[in-house]
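What follows is a single structure, written as structure tokens, with notes after it.
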Amino acid sequence: MQLTLFGQSDSASLRDLPKKPAAAVHPSDASFSAALDKPVARRRDPRPSHLAAQAITESGRRQGQLQGVWALLKKYPRSTSLELYEKSDYADRYVPARRLSELEHAGLARKCGERICHVGNRLATIWEALDPKR
């Protein structure tokens with residue numbers, strides 16, 4: 001199948017194109033360290049929750065999710081967590097919701113009000129991304 005992108009012909013299939021564009025600017029890995037320092041499991045949570053929290057952090061998946069949610073929030077400011085999920089390819093609806101509070105803890109996101117969510121049709125908190133402090 002021939003695709004014409006910006007006046008140039010390229011032979012590629014639609015499946016070869018990226019699902020979503022990468023964010024133009026990401027905070028450095030160091031900017032996410034404060035988010036990663038926030039405990040995922042509460043002290044009173046059962047041991048399997050602590051093991052799962054350790055595994056997602058040590059594997060790098062948590063940092064990848066933080067970066068992905070931050071990039072989504074940068075692209076779609078003043079969104080609810082459910083709206084961000086709808087614009088993402090996350091399998092779990094709760095990934096953005098969990099990572100937003102961690103981004104807030106790191107100073108990379110903030111709550112900026114409430115409105116009716118376009119997806120859930122309920123009152124929800126809206127968020128915006130903050131640039132990292134250098």
Taking θ = phi - 60°, what integer Hz values does the Karplus form 6.51 cos²θ - 1.76 cosθ + 1.60 yield along segment 111-125, in sequence order, with x for Gly and Pro?
6, 10, x, 9, 6, 6, 5, 5, 9, x, 6, 9, 4, 8, 6
Once amide hydrogens are built 1.01 Å from N within the peptide plane, the residues lying 5 or more places from SER79 or on another chain with amide H under 5 Å from its amide H are TRP127
To the nearest 0.05, the calculated FRET efficiency linking GLU114 and ASP92 through their beta-carbon distance, R0 being 35 Å, is 0.90
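FYI, it's all coordinate maths here, none of it is from the lab. What you are looking at is a predicted structure, and each value in this text was computed from that prediction instead of being measured. With ideal geometry, Cβ positions are generated from the backbone for all residues, glycine too; neighbour counts draw on all protein chains shown.
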